[in-house]
Every structure is written in structure tokens, then in C-alpha cells.
1. What number, in percent, do you get for the relative contact order of the chain if the mean sequence gap of Cα pairs under 8 Å and at least 6 apart is divided by its residue count?
2. May I ask for the percentage of alpha-carbon pairs in the stretch 204-260 that lie more than 17 Å from each other?
3. How much accessible area per residue does the chain have, counting only protein heavy atoms and a probe of 1.4 Å, in square angstrom?
4. Can you quote the Å³ per residue value for the convex hull of the Cα atoms in the stretch 1-142, rounded to an integer?
5. Highest first, please rank the peptides 320-326, 218-224 by the mean number of other Cβ atoms sitting within 10 Å of their residues.
6. If ligands, DNA and RNA are left out, what is the accessible area of D39 with a 1.4 Å probe, given in Å² to the nearest 10?
7. What is the sum of charges around L166, taking Lys and Arg as +1, Asp and Glu as -1, for the other residues whose C-beta is under 15 Å from the C-beta of L166?
8. Counting pairs on different chains as well as pairs 8 or more places apart, how many Lys pairs in the chain have Cα atoms under 16 Å apart?
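The values are calculated or read from the model by the stated rules, or taken from the named source; none is laboratory data. Computed from a predicted model, the values in this text were never measured in an experiment. Positions of Cβ are generated from backbone atoms using ideal geometry, with glycine treated the same way; all protein chains shown enter the neighbour counts. Side chains included, ligands, DNA and RNA excluded: accessible areas come from the protein's heavy atoms. Shrake-Rupley method; radii C 1.70, N 1.55, O 1.52, S 1.80 Å.
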Amino acid sequence: MKFAISREALLRPLSLVAGVVERRQTLPVLSNVLLEVSDQQLSLTGTDLEVELIGRVEPSRVDEPGSATVPARKLMDICKSLPEGSEIILALEEGRAILRSGRSRFTLSTLPVAEFPNIDDGQGDITVSLPRGTLKHLIDATSFAMAQQDVRYYLNGMLLELTSNLVRTVATDGHRLAVCEQAADISVPEAQKLIIPRKGILELTRLLDGSNELMTLTVSGTHVRAQTGDFTFTSKLVDGKFPDYERVVPRGGDKVIVAERAELRQVLSRTAILSNEKYRGVRLYLEAGNLRVLANNPEQEEAEENIALEYQGAGLEIGFNVGYLIDVLGVLDADRVQLTLSDANSSALLEEPGGGDARYVVMPMRL
């Protein structure tokens, strides 16, 4: 194996592929990136056995096709530290990878290519094409609500629902729920419900932008594969049943409040400073035309804020984890936000006034 490539051409796919590679691995080869060079193309593969990413780029010159696995982080750090515009020559010599650039020379260890695992997902059953911008919007609107290390493993990821002409993403950690849906020009024989693990979602997001360029999703029984541009992303699916989220969305709340989103977010952020650091609870006192927000902590410190809003109903006192409310207000696109409440023990529904493509549910706290 021997090829030449510019620093910039190598760095973009390498930085994305290296993101999949875990620092601490049970198998040493998993901390390596697989380089495969053909006559016209260099492909780079990184995997942690759950998620796999392949990036492709055209080298400026190929002297000898071949393949090798080299330490992903070290290769990336070397490339980053070289001057802009450098040309890199990478060759396999006597079982080691030699990287030359200008007057620099680096020798990297390699591991056998045969040891590098391949996520083989068999034949895909269903293939659909979506604009990258659509998928990015759906993920950005809901990913914050994914659980992190919940024993209910199916919550440590995101539900992607594909039905004819509609795509929906759902995430919940048991305390809050985010649902977003958009129309899409797809047709599937039956509704597909895929739970993509948290890491898979985070890595997939890095491949997405707001463009209308199409991304192809291929679904098999155990995997989902996304093909976009020069990248192929594959993730195992979580084998589990996602909760029936429609049952969680509160219906028939009689207290409907409309407030300026940015102003409400600032009020909650300031009040949060003096909330209990462990529980992050704030009290909301709702009255006609006004919302009073109170927080205190074990040091006897207190914060109080008032914000004018559109509301004419009866008074209500309710507690929330302030972080959950701030997260929702951070991802909503609209200038104003609508909160629907029924009583102090019921969840709040947050959405754009009149309802947009996203709905958010936050459970109350007993304070």
C-alpha cells in the first residue's frame, strides 16, 4: 500500500470516522481505522461493533493499492498538527505504516486487516430516501430527551418511525418526551419502528446538514444503514419495544398559556441559578396575565421572577425541573411558545402556538 493525499482531503473523512472509534476498547483493533486503497479511491472505516462509519475520498496519487489498520487518534492528531496544504504520503513497509510529509516522518504500528470486524447486516428489507435537512431537523428537535444510561435500555436511543408520507422521531427519558414529525415523499409497505442507539444518533447527526440532498436509509431486521455523499453509516438497532408515547401526551388541558419563548427561557435560566443543584426544581405560580417563577436552595437563597403572558384562567401552582423546560425552549423554532396545563399533578404540553411539527411533554415535580 502506498498513496499520496492532501492533508485537508484526508482530514475531513478521518475526523468523522475517528469519532466512532472508542478510546478504551476490549479489542485492540477497534481503536484503529481501516484504510483501503484501490486505483481511484481511499476508504476509511471505523467501528465499535455497534456503529460503523465508512468515509471515501480520492487520493492525489496511488502507487500501490492495499489495506492496513492504523491507530485512529494518532493518525488524526498527526494530520491535524501538519501545516495547512501539506501533502501526505502513506506507505506500508515491513508491517508498519510510514507517514511522510515534507521533512517529517512518522512510523505507526499496524494490526492485521483480517482482525478488523465488519458489520454485516445482510440484505436490507426496505429502502427510503429522505432530504438530509429533514432528518437533521427531526433529530435536532428531539435528541436532547434521549436517556443516557437508563436500565430501560430501549430509552437510551431514539425511535425513528417511517410510515408512508411521514417520518417521526421520538425520544424520552421517562421524565420528558419529545415528538417531531414531518411529511416526506416515502412509501413503505408497513410502518417501521426503529430504535437507534444514542451513539448512533450522535454520529449520524455529524453527517447531516440543512440541505435538500437525499440520504438513503436501508432498514434490515437488526441494522439501519444510511448512505449520503461519500459516507456510509451503519448502526445496530436496539432490540426492544418503545413505550406507547401517544398515551403520555396529555389531552384536554384547560389552562393554555402563550409566552415569548426567548424571554421565558431567560427568566427560567436566571431563576435556575439559585435552584437546588441536585433536583433543579422551580415553582411556577400562574395567574391572569402573569407567571411568577420562584426557586430556592438549601443555603436559603431565593430567586423570584415575573413574566407577562397571555392567560385568563384560574390560578395554578406547579413545580418543574427547570432544566427540562429550558431544553425544550432551546430547540423550539417559534418566537412564542404555548404551554397547556390542567392541574398541579399533570404533565405540561409545550408546542408552537396552534401546534407545530413538534410536541414536548414535561412531567411535574413535587416541591
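1. Normalised by residue count, the contact order of the chain is 13 percent.
2. On the way: 994 of 1596 pairs.
Within the stretch 204-260, distances greater than 17 Å cover 62 percent of Cα pairs.
3. Details: 17600 Å² over 367 residues.
That works out to 48 Å² per residue.
4. Values: hull volume 22.0 nm³, N = 142.
Given the Cα convex hull of the stretch 1-142, per-residue volume reads 155 Å³.
5. On the way: 320-326: 21.3, 218-224: 17.0.
Averaged packing, sorted descending, gives the order 320-326, 218-224.
6. 110 Å²
7. Numbers: positive: R168, K193, R359; negative: E161, E181, D185, E190, E246, D357.
Surrounding charge for L166 is -3.
8. Details: K136/K199; K193/K236; K193/K241; K199/K236.
For the chain, qualifying lysine pairs total 4.
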